[in-house]
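Report on the structure given below.
Each reported figure results from applying straightforward, stated rules to the coordinates on display, with no laboratory input. Just so we're clear, the structure is a prediction, and the values are computed from it rather than from any experiment. Don't worry about glycine lacking a Cβ; one is built from the backbone with ideal geometry, like all the others, and counts go over all protein chains shown.
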There are 2 protein chains.
Amino acid sequence: MKIKLDMSSSIPIYVQLRNQIVMGIAKGELQVGDYLPTVRQMAQDSGINVMTVNKAYSILKSEGFIEIDRRFGAKICPRKDSSFEFREKLEEELSLIIAESELKGIDKNDFFEMCKSIYDRINIVSVKGCEV
Amino acid sequence: MKIKLDMSSSIPIYVQLRNQIVMGIAKGELQVGDYLPTVRQMAQDSGINVMTVNKAYSILKSEGFIEIDRRFGAKICPRKDSSFEFREKLEEELSLIIAESELKGIDKNDFFEMCKSIYDRINIVSVKGCEV
DNA sequence: ACTTATTTCATATACAATATATGCAAAATT
DNA sequence: AATTTTGCATATATTGTATATGAAATAAGT
């Protein structure tokens, strides 16, 4: 997959990288069991520092999207999360986005149409959880 | 409305404040034409610095949720935004959230149920845009 | 017109987060 | 055991966040 980083964005570089990898997994561009480029390779390809890549990978690891081993690097390995905490955090994020949408003139129907369109357009694949 | 700031959160204080004010407007707790507390008052009530409050209000102003005048302070005055840019940004945020949800095991139906529940629970009011 | 009161805004500083450069540690392969 | 290749640790510079303080703007009162 192709990583595009916007150096002028207010979103930190490591967050942009993290986000694009998550999107890549969801779209099936990165498959369970695939390996990400090494931190050195990704840094070189993207024109950023290895430690910045390492930060993104670290976060993805702690969020449960990848597993890292020192010899082989970062493997796509998403873990489901049915915890109350995850769900609560998601609801909070969605609540804010819904509030903003409403205030900006995007009503409930429009919002749902947008979500449907996203599910269709991005072609989110059903991803098997990672079995150990 | 009651502002609650989590000083241990990774979300910057000014962002938390901004978010809660947006939620407050969407829920009708803050009405079009209402005035927010002055930056000094809000700072005192919340136990933070006036400049931190000022940053939040500044952002709300530039995002088009409030209007500020020097004499009277910050007035709730949300402006609709039908621009392509706003919509595009919203779709991008939603895309990422949808991708994460899917990877964490929350499928499309579940996601839509959650959104419905949010619309119902938060009781988002239809907010009249601010007429000048 | 001038003064007062009350508000936001500007400036400066300390601390935290981000991004980087470099070398160390771990682990499989040779 | 040595080599290779990988992530990880440490240190530093820059930028963002949070704060303290005073200046500027503006309506109301005298």
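For this structure, a couple of remarks:
The rows are residues; the columns are (1) out of contact with any Ser or Thr (no Cβ under 7 Å at 6 or more places or on another chain); (2) more than 14 Å from DNA strand C (Cβ to nearest atom); (3) acidic (Asp, Glu); (4) more than 8 Å from chain A (Cβ to nearest Cβ).
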position	(1), (2), (3), (4)
B:16	no, no, no, yes
B:26	yes, yes, no, no
B:31	yes, yes, no, yes
B:49	yes, no, no, yes
B:55	yes, no, no, yes
B:60	yes, no, no, yes
B:66	yes, no, no, yes
B:111	no, yes, no, no
B:114	yes, yes, no, no
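- Taking the criterion of being touching a Cys at 6+ places or on another chain (Cβ under 9 Å) and within 16 Å of DNA strand D (Cβ to nearest atom), the residues of the range A:70-101 that qualify are A:75, A:76, A:77.
- Filtered residue count, the range A:73-98, keeping only those that are more than 7 Å from chain B (Cβ to nearest Cβ) and without any contact (Cβ under 8 Å) to a residue 24 or more places away in the chain: 7
- Applying the criterion of being outside any loop (DSSP other than H, G, I, E, B) and within 15 Å of DNA strand C (Cβ to nearest atom) to the residues of the range A:68-94, the residue that is nearest to residue B:113 (Cα to Cα) is A:75.
- Qualifying residue in the range B:12-26 (condition: buried (at least 16 other Cβ atoms within 10 Å of the Cβ), in a loop (DSSP other than H, G, I, E, B) and either under 17 Å from the mean Cα position of the chain (by Cα) or without any contact (Cβ under 8 Å) to a residue 40 or more places away in the chain (or both)): no
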